[in-house]
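Enquirer: My structure is below; once you've seen it, I'll send some questions.
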Amino acid sequence: MSTARPTLAARNREVTGKAVSRLRHDGLLPAVVYGRGIDSANVSVDAHEFELLRRHTGPNALVDLSVDGKKARPVLINHVQVHPVHRRPLHADLFLVRMTEELTVDVPLVAIGESTAVSEMGGTLLHQTETVRIRALPDHLPQSIEYSIESLIDFEAAIHVRDLTVPDDVTLLTEPDEVVAKVQQPRVEVEEEPVAAAEGEAAEGEAAEGAEGATGAPAEGAGSEDS
C-alpha cells in the first residue's frame, strides 16, 4: 500500500467566535485539530485548497497536516460544517490519528451490477443501509465498500451485512442481519370492475321510481281538495 498522502497546510489562529467570519471573508477556513491525549488547537487553512482536497479524497482519507511549517502529522477530516444554502465549508474538525491505533468509522456502501428483479420485473431497488461501521488501522480504512446486486433475482431476495466482503484487516461492526438492499415489487393498479357502474345505474333507477311516486301523490291530493 502506498504511503503517499495528500497534504494540507495550516496556521495557528487566535481569532475565535463570531470574529472568524473575517477569516472566511479572507478566503480562510477555521478548523480545530484534536486527538486523544492532546490539547485541541485552533487553526485555519486555505478554503480553496481544502475544497479541492475534499473533492479528490474519500470520507476516510488520511491527510498530512502541517501547522506553521512544522512536521506534518496524519489527520482525518472528521466533520465539516457547511452552509445550508451554498454548501460551502464553514468549519472543519481534524482528528489527529495514531497510526498504531485502530479507528472506528462509518463507510459508505456502493451497489454495483444489475438486478433482474429491477431490469426485467420492474421492481424498485431499495438501499436499506447506506453505510456500515467498521474498525481498522488508519492507513487501512476503506473509502467505500462495494457489493453486487446481481443476486437480487426476485422480490424475496435480500442482501444483508453478513454478505458484504471486507478486507481481512477490517472488522465489520454493524449487525450482520441488517438488510443492505432488496427490490420492492411494483404496485399493480387494479381497474374498477363494472359493478360500481351497475350499482350506480340501480341507484338511478330507484331515484326515478321515487320521482314517479312523488309525481302521482299531488294528483291524489288535488283530487281530494276538488272534492
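Enquirer: Quote the relative contact order of the range 7-96 in percent (integer), defining contacts as alpha-carbon pairs under 8 Å separated by 6+ residues. Could you put the intermediate results ahead of the total?
Expert: Working: 163 pairs, mean separation 29.2, N = 90.
That works out to 32 percent.
Enquirer: Using label points projected 7 Å from each Cα along Cα→Cβ, tell me how many nm separate residue 110 and residue 4, to one decimal.
Expert: Once both label points are built, they end up 1.9 nm from each other.
Enquirer: Given 0.36 nm per residue, what is the gain on full extension from residue 83 to residue 151 after removing their alpha carbon distance, in nm?
Expert: Result: 20.5 nm gained on full extension.
Enquirer: Determine the gain in length on full extension of the stretch residue 12-residue 171; use 0.36 nm per residue of separation and subtract their C-alpha separation, reporting nm with one decimal.
Expert: Working: separation 159, 0.36 × 159 = 57.24 nm, distance 3.61 nm.
That pair, residue 12 and residue 171, stretches by 53.6 nm at full extension.
Enquirer: Grab the beta carbon distance between residue 91 and residue 66, set R0 = 22 Å, and tell me the FRET efficiency rounded to 0.05.
Expert: Computed FRET efficiency for residue 91 and residue 66 comes out at 0.65.
Enquirer: Along the Cα-to-C-beta direction of residue 99, a point sits 7 Å from the Cα; which residues of the range 127-159 have their amide N less than 16 Å from that point?
Expert: 137-141
Enquirer: Sticking with this structure for a sec: Among 74, 43, 99, whose Cα projects farthest towards the positive end of the dipole of the range 19-103, with charges put on the beta-carbon of Lys, Arg (+1) and Asp, Glu (-1)?
Expert: Ranked along the dipole, the leading option is 43.
Enquirer: Still on this structure, please answer the following. Between 171, 124, 153, whose Cα lies farthest towards the positive end of the dipole of the range 103-184 when Lys and Arg beta carbons carry +1 and Asp and Glu beta carbons carry -1, centred on the Cα centre?
Expert: My answer, from the dipole projection, is 171.
Enquirer: Here is a follow-up. So, in nm, how far is label residue 39 from label residue 19 when the simple model puts each one 7 Å beyond its Cα toward the Cβ?
Expert: Between residue 39 and residue 19, the label points sit 1.8 nm apart.
Enquirer: Tell me, what ³J(HN,Hα) does each residue in the range 92-101 have, in order and in whole Hz, if you take phi through Karplus 6.51 cos²θ - 1.76 cosθ + 1.60 with θ = phi - 60° and put x for Gly and Pro?
Expert: With coefficients 6.51, -1.76 and 1.60, one gets 10, 9, 10, 8, 7, 9, 10, 5, 9, 10 Hz.
Enquirer: Taking the Cα centre of the range 7-96 as origin, sum charge times position over the Cβ atoms of Lys and Arg (+1) and Asp and Glu (-1), and report the length of that vector in debye to the nearest 20. Present the calculation step by step, with values, prior to reporting the outcome.
Expert: Details: 13 positive and 9 negative charges, 26 e Å.
For this selection, approximately 120 debye.
Here, each number is a calculation from the coordinates, and none is a lab measurement. Just so it is clear, the structure is predicted and the values come from calculations on it, not from any experiment. Quick reminder, even Gly has a Cβ in these numbers, built from the backbone with ideal geometry, and neighbours come from all protein chains shown.
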